[in-house]
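Asks: Handing you this structure, nothing more for now.
The values are calculated or read from the model by the stated rules, or taken from the named source; none is laboratory data. Quick caveat, the model's predicted, so the values are computed rather than measured. Glycine also receives a Cβ, built like all others from the backbone with ideal geometry; neighbour counts cover every protein chain displayed.
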Amino acid sequence: MKLGINGLGRIGKLSLWHHVSRKHFSELTVNVGREIGRGLNDLAACIERDSSYGRLGSYLYGHKGGRVIEGLDEEKGSMVINGVPVTFLRTARDPRDIAWQVNGVKLVVDTTGAFTDPTADADAKWGALRGHLQAGAEKVLLSAPFKIKSKGMDMPTDAVTTVMGINDEDYDASRHSLISAASCTTTCLSYMIKPLMESIGAENFLSASMVTIHAATGSQQVLDRLPKSGAVDLRKNRSILNNIILTTTGAAKALALVIPEMKSIGFIAESVRIPTSTGSLIVLVLNVQDDLESPLKRDRINAIYREYAKNSLYLEYTEEQNVSSDIIGVPEAAAVIEGTETHTRTASIAVNLDRIKSCSLGAGVERILNVPVTQAVVYGWYDNELGSYTNMLGDLTIQVADKML
């Protein structure tokens with residue numbers, strides 16, 4: 001079976017690395033949509049080297065790994081990478097115009113980040129995710145969360161959001177043609193929330209919040225530049241090399257798609273970008289209704305993660321003292337829980353029942369209710385590029401492919 005990849009940015013390039021390593025697909029077709037440098041040799045040089053992960057040969061075979069790209073054919077736009085034939089398409093940018101059908105590609109991973117609206121028509125002016133289907137693909141995976149631009153529109157019945165090991169069973173091969181793999185942050189967050197929810201019970205969660213201290217992304221600026229006309233967030237145009245930059249994340253909305261119980265829990269998600277190339281951290285804060293006689297403590301929380309990790313392909317628990325570079329390249333770790341930094345505090349919260357509209361009290365009834373609440377803080381590392389997200393995206397891609405056969 002052939003696999004198509006649209007885009008050769010960070011996730012596109014690393015997905016190419018992932019699949020030439022696994023060799024699950026007989027051939028790869030990569031759409032870059034334009035000429036690169038002076039030709040195929042320059043494109044091969046870009047694929048072979050990476051500032052965050054080193055050389056492709058070393059990634060595949062360690063320090064003895066040499067050049068693994070050969071057989072360059074400028075006219076055909078093809079090369080062989082680690083024994084896998086790869087064809088590069090360099091003309092079309094609009095998904096509906098990409099030659100998937102001509103190249104026998106039925107499964108496409110779109111990594112551009114440009115086409116995220118599952119409701120957009122294939123013939124939309126600036127292109128759309130459904131354009132891949134019009135061009136001959138049968139299934140399209142999106143390496144980003146869906147974003148419906150028109151207010152009031154529901155998620156189409158042929159679209160689904162999944163995280164491997166969390167809700168990938170929601171994917172129905174007979175019905176779904178558009179599959180979102182959520183985001184790197186949502187993936188990590190789901191593995192921080194799910195074990196606790198299964199053990200403590202969603203009904204005991206009062207509220208939750210998270211902040212991701214996130215590595216830089218390709219959408220940020222190396223040096224300060226003027227914002228585009230109509231831009232409302234001036235910070236996006238400031239240099240990521242010199243600043244800690246406050247920004248936003250869609251992790252809260254996407255999390256509710258993969259863990260529906262989160263819809264009933266007050267949840268806030270924020271993001272801070274920092275001057276590192278990869279390796280990110282989520283600080284999760286939970287408020288849980290508790291029992292003062294046997295409150296939720298750090299040891300129990302860590303034990304929950306430790307046991308869950310024993311049976312999970314994608315969760316790791318550690319009591320080592322890590323820094324962000326330690327997480328880079330850790331394979332298939334959606335989240336690495338830093339157990340030494342788990343903290344809890346339990347207190348009795350006084351609730352004034354007179355301020356609760358739905359509460360009707362008779363004469364002589366105590367107006368103040370004391371509720372034991374535990375606040376827990378958990379830290380989870382994730383490699384937002386290759387180690388965590390791209391490896392899990394690769395697993396999802398192969399799972400979808402196998403159900404197409």
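Asks: Restricting to the stretch 190-218, and then to whatever is touching a residue at least 60 places away in the same chain (Cβ under 8 Å) and in a loop (DSSP other than H, G, I, E, B), can you tell me which residue is surrounded by the fewest Cβ atoms within 10 Å (Cβ to Cβ)?
Replies: Per the criteria, the residue is GLY218.
Asks: Is one or more of the residues making up the stretch 33-42 assigned by TED's automatic domain parsing to the domain that holds THR87 and buried (at least 22 other Cβ atoms within 10 Å of the Cβ)? Walk me through how you get there before you give the answer.
Replies: The first filter runs over the stretch 33-42 and keeps only residues assigned by TED's automatic domain parsing to the domain that holds THR87, leaving 33-42.
Among the residues that remain, those that are also buried (at least 22 other Cβ atoms within 10 Å of the Cβ) are: none.
The answer is no; no qualifying residue exists.
Asks: Restricting attention to the stretch 175-227, report how many residues are farther than 30 Å from LEU14 by Cα and hydrophobic (A, V, I, L, M, F, W, C). Explain how you work it out, then say what you get.
Replies: Within the stretch 175-227, the first condition is being farther than 30 Å from LEU14 by Cα, and the residues that meet it are 196-209, 226.
Then keep just the ones that are hydrophobic (A, V, I, L, M, F, W, C); that gives 196-197, 200, 202, 205-206, 208, 226.
Final tally of qualifying residues: 8.
Asks: Sticking with this one: Where in the stretch 51-107 are there strands (runs of 3 or more DSSP E), lying fully within it, with 3 or more residues that are surrounded by 13 or more Cβ atoms within 10 Å (Cβ to Cβ) and among the aliphatic types (A, V, I, L, M)? I'd like the intermediate steps shown before the answer.
Replies: Numbers: elements: 69-73, 78-81, 84-89.
Here the list reads 78-81, 84-89.
Asks: Please go through the stretch 145-164 and pick out each residue that is in a loop (DSSP other than H, G, I, E, B), touching a Phe, Trp or Tyr at 6+ places or on another chain (Cβ under 9 Å) and surrounded by 20 or more Cβ atoms within 10 Å (Cβ to Cβ).
Replies: Scanning the stretch 145-164 gives THR162, VAL163, MET164.
Asks: Considering each of LYS194, LYS106, LYS125, LYS151 in turn, give the residue that is more than 16 Å from GLY7 (Cα to Cα), assigned by TED's automatic domain parsing to the domain that holds ILE213, basic (Lys, Arg) and out of contact with any Ser or Thr (no Cβ under 8 Å at 6 or more places or on another chain). Spell out the reasoning first.
Replies: Numbers: LYS106 fails: assigned by TED's automatic domain parsing to the domain that holds ILE213; LYS125 fails: assigned by TED's automatic domain parsing to the domain that holds ILE213; LYS151 fails: assigned by TED's automatic domain parsing to the domain that holds ILE213.
LYS194 is the lone residue from the list that is more than 16 Å from GLY7 (Cα to Cα), assigned by TED's automatic domain parsing to the domain that holds ILE213, basic (Lys, Arg) and out of contact with any Ser or Thr (no Cβ under 8 Å at 6 or more places or on another chain).
Here's the yes/no breakdown for (1) surrounded by fewer than 17 Cβ atoms within 10 Å (Cβ to Cβ); (2) assigned to a helix (DSSP H, G or I); (3) among the basic types (Lys, Arg); (4) assigned by TED's automatic domain parsing to the domain that holds LEU189:
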residue: SER229; (1), (2), (3), (4): yes, no, no, yes
residue: ARG235; (1), (2), (3), (4): yes, yes, yes, yes
residue: PHE267; (1), (2), (3), (4): no, no, no, yes
residue: LEU281; (1), (2), (3), (4): no, no, no, yes
residue: ASN287; (1), (2), (3), (4): no, no, no, yes
residue: ALA303; (1), (2), (3), (4): yes, yes, no, yes
residue: GLU307; (1), (2), (3), (4): yes, yes, no, yes
residue: GLU316; (1), (2), (3), (4): no, no, no, yes
residue: GLN321; (1), (2), (3), (4): yes, no, no, yes
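Asks: If you don't mind, another one. I need the full set of residues from the stretch 165-189 which are buried (at least 21 other Cβ atoms within 10 Å of the Cβ) and of a type in the set (Ser, Thr, Tyr), in order please.
Replies: SER180, SER183, THR185, THR186, THR187
Asks: In the set VAL20, VAL30, which member is modelled with pLDDT of 95 or more and touching a helix residue (DSSP H, G or I) at 6+ places or on another chain (Cβ under 7 Å)?
Replies: Result: VAL30 is the single residue among VAL20, VAL30 that is modelled with pLDDT of 95 or more and touching a helix residue (DSSP H, G or I) at 6+ places or on another chain (Cβ under 7 Å).
Asks: Pull up the stretch 374-405, narrow it to residues that are in a helix (DSSP H, G or I) and among the charged types (D, E, K, R), then point me to the one that is nearest to GLY329 (Cα to Cα). Walk me through how you get there before you give the answer.
Replies: Of all residues in the stretch 374-405, those in a helix (DSSP H, G or I) come to 386-404.
Of the ones still in play, those that are also among the charged types (D, E, K, R) are 395, 402-403.
Numbers: ASP395: 16, ASP402: 26, LYS403: 28 Å.
Across the stretch 374-405, the extreme among qualifying residues is ASP395.
Asks: While we're here: If you scan the stretch 5-35, which residues turn out to be more than 18 Å from PRO85 (Cα to Cα) and in contact with a strand residue (DSSP E or B) (Cβ under 8 Å, 6 or more places away or on another chain)?
Replies: Residues of the stretch 5-35 that are more than 18 Å from PRO85 (Cα to Cα), as a first pass: 9-11, 33-35.
GLY33, the sole residue that qualifies.
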